[in-house]
Amino acid sequence: MSHPPRIGLVGFFLEANRFSPVTTGEMFVRACDCAGEALLNELRAPAPRLLPDTQGFVEGMDTSGPWEPVPLRMALAYPGGPADHDWWQRFLSDVERRVREAGQLDGVFISSHGAALTTEEDDPDGVLFECIRRCVGLSVPVVAVFDLHTNVSRRMTDALSGFVAYRTNPHVDLRERGLEAAAMLRRMVAQGPGEVVLQKLPFLPASTEQLIAPGTPYARLLELAAAWHDPKVLNISLCGGFPLADSAKCGFSVVATAVAGARAAAEAAAKSLASEVWVRRHEFVSRLTPLQEAVAMAVRAGCLEDGATTADGRLILADVADNPGGGGGGNTTALLQALLEAGASRVLIGVVTDPSLAEEAHQLGMGAVFKARFNRATVGDAHARAFEHEAKVLALSDGQFVGRRGLVQGSSQSMGPSALLELGGVRVVVITHRQQLLDPAQLEILGVDVDSPASGVQTLVVKSRGHFRAAFEGFAPASRIIEVDGPGLTTPVLSRLSLTRIPRPAFPLDPDATWPALSPSFQPLDDPTWT
């Protein structure tokens, strides 16, 4: 090639929960929606609003040789309901126009979650990828990075030349996957587009069972994928999916990328790893702790000295059914009320989304004592019940922070006007812009450093499913991280949801579900860690 490769940059990032309120265009703007020169400026900012996969891709391209970034458009929103379809159509038309007006592109990078919906389309990711493929032609490599919880369709993989999904959960490897995508795209620009193959399984692992830590079933499967021996296979991605999207795309996906002309190698890898997943599906068993049992643990922890780490010492309670990171409202009060009724002390709850309450706290000011009314303005969410309790305003903030750990490390984020309230023995962080607790900076801007025994926090309650694990590692031992069975839009107990679009039968909703691709003569890969 006589000129530095011209690489188009596109992003569409939304994890859509079928049961959550619609994600509007304004919500994309609030998180990040920029194009052209504005996108280029964002890419080069010290703490961009873009996710680290894009930052890693740009870094990888910068360090591997000359290139010309062609910033097209990137839009991301916090996990929520399906995107407004009218906004989506305008977004799609704009991306198509920008790709066609960009001139000859030598490659395209896409930052995607992969589990999006719109109010009228169940596979907007696939529609977007097809659109880009039509614009650039078959000879231009298109490589995308995905969340581990992507719901993959053949429409998506047929339009791609390379597929790279996160390998960690909590997601702490976004930068590395961006670097991998850059190396893959460089290779394909020189050698031709790769081959992408999908194997789909009728298996819906609950979100709480997709943790990747030493010894977990998911971690051991990823070790097998990483050890695949064929040099023609560039990547094997194991994607647990996001069942709360309730679409035909849901289900565990194994996606293999091979070099140009090596489709058979990709097919062999995808089928073999999919078989490994299927025979071990029973190991993904969800175990939640009843709410009252979790509250009793918090009460006992509050009676100990600050920082105690004994069997009844510091504790994390994960309110997994109200996880904004999966489309939850972040506003249920069942656990808060139960803790107050039980007289729990030295508890910190982060973060509760309640714009009206946060605004009132700011109006009243530091030190004010008032009747805090939770969920006074919430409409249409049966889980977000109104609740009142006397509270004192301990701290206020504009909610601006830069991520220090995990998913948003190094990126600028905003919770909007935020307040730290004291309700008896329980402190609550109240925010304006819905999000999960996934970084200690969200608490530190309100003066709370939970790593310090002086914080007075013995029990940390997190509105999160799993990303808090990377942010607050060391606060409590793994045995003291408790996933609570409470109410909310993101319950991992799938049988409680009105799932109507997921193809059935599917395990574990249907225990007798079968996968015909598994041969009776299947032999597991050599892995001595399996029992």
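Here, each number is a calculation from the coordinates, and none is a lab measurement. Just so it is clear, the model here is predicted, and its values are computed rather than measured. Cβ coordinates were reconstructed from backbone atoms using ideal geometry, including for glycine residues, and neighbour counts include every protein chain displayed.
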(request) Round to the nearest 0.05 the FRET efficiency obtained for ARG280 and ASP451 when R0 = 35 Å and r is the Cβ-Cβ distance. (result) 0.45
(request) List, in order, the whole-Hz ³J(HN,Hα) value for each residue of the stretch 232-243 obtained from phi through the Karplus relation with A = 6.51, B = -1.76, C = 1.60 and θ = phi - 60°; use x for Gly and Pro. (result) 6, 8, 8, 7, 10, 10, 10, 10, x, x, 9, x
(request) Please find the FRET efficiency linking SER2 to ARG30, where r is the Cβ-Cβ separation and R0 is fixed at 35 Å, and quote it to the nearest 0.05. (result) 0.25
(request) May I ask what percent, to the nearest 5, of DSSP beta bridges between residues of the chain are antiparallel? (result) 45 percent
(request) Beta carbons within 10 angstrom, averaged per residue: use that to sort the peptides 218-231, 160-173, highest first. (result) 160-173, 218-231
(request) Kindly provide log₁₀ I(q)/I(0) values, in the same order as q = 0.10 Å⁻¹, from the Debye equation applied to equal alpha-carbon scatterers of the stretch 143-257. (result) -0.28
(request) Would you mind working out the magnitude of the charge dipole of the stretch 19-147 relative to its Cα centre, with +1 at each Lys and Arg C-beta and -1 at each Asp and Glu C-beta, to the nearest 20 Debye? (result) 260 debye
(request) Report the charge-dipole magnitude of the stretch 364-509 in Debye, nearest 20, computed about the Cα centre from +1 at each Lys and Arg Cβ and -1 at each Asp and Glu Cβ. (result) 560 debye
(request) Enumerate the lysines that LYS392 could reach by cross-link, defined here as Cα to Cα under 25 Å, with residues fewer than 8 away along the same chain left out. (result) LYS371, LYS463
(message) Could you derive backbone 3J(HN,Hα) for the stretch 497-509 from the dihedral phi with the Karplus parameters 6.51, -1.76 and 1.60 (θ = phi - 60°), listing whole Hz in sequence and x where the residue is Gly or Pro?
(response) 9, 8, 7, 10, 10, 5, x, 10, x, 8, 7, x, 4
(request) Among HIS362, GLY447, ALA269, flag the residue with its Cα farthest along the positive direction of the charge dipole of the chain, charges on Cβ as +1 for Lys/Arg and -1 for Asp/Glu. (result) ALA269
(request) Grab the alpha carbons of the stretch 76-210, take their convex hull, and tell me the volume per residue in Å³. (result) 116 Å³
(request) Send over the semi-axes of the stretch 443-506's equivalent ellipsoid, whole angstrom and largest first, taken as the square roots of 5 times the C-alpha gyration tensor eigenvalues. (result) 33, 12, 10
(message) Give me a comma-separated list of calculated 3J(HN,Hα) values for the stretch 329-335, in order, Karplus coefficients 6.51, -1.76, 1.60 applied at θ = phi - 60°, integers in Hz, x for any Gly or Pro.
(response) x, x, 9, 6, 10, 4, 6
(request) Let me know the whole percent of all Cα-Cα pairs from the stretch 297-425 that are separated by more than 27 Å. (result) 25 percent
(message) As an exercise, take the mean of 1/r over every pair of distinct alpha carbons in the stretch 38-101, invert it, and state the Kirkwood radius in angstroms.
(response) 13.7 Å
(message) If I stretch the segment between SER139 and SER498 completely, what's the gain in nm (0.36 nm per residue apart, minus their alpha carbon distance), one decimal?
(response) 124.9 nm
(request) Provide the FRET efficiency to the nearest 0.05 for the ARG154-ARG376 pair, computing r from the beta carbons and using R0 = 60 Å. (result) 0.80
(message) Please give the charge dipole size of the stretch 1-57, origin at the Cα centre, charges +1 on K and R Cβ atoms and -1 on D and E Cβ atoms. Round to the nearest 20 debye.
(response) 60 debye
(message) Per q in 0.07, 0.09 Å⁻¹, report the Debye log10 I(q)/I(0) for the chain, using one uniform scatterer on each alpha carbon and no solvent.
(response) -0.39, -0.64
(message) Run the numbers for PHE387 and LEU509: contour at 0.36 nm per residue of separation, minus the present Cα-Cα distance, in nm.
(response) 40.5 nm
(request) Quote to one decimal, in nm, the extra length available between GLN89 and GLU267 on full extension: 0.36 nm per residue of separation minus the C-alpha distance between them. (result) 60.7 nm
(request) Over the alpha-carbon set of the stretch 332-401, divide Rg by the Kirkwood Rh and report the Rg/Rh ratio to two decimals. (result) 0.95
(request) Determine the distance separating the Cα centre of the stretch 191-214 from the Cα centre of the stretch 1-74; give it in Å without decimals. (result) 23 Å
(message) Counting only Cα atoms, I'd like the Rg/Rh figure for the stretch 382-528, Kirkwood definition for Rh.
(response) 1.09
(request) Treat each spin label as a single point 7 Å out from the Cα along the C-beta direction, and report the GLN292 to ARG404 distance in nm. (result) 3.9 nm
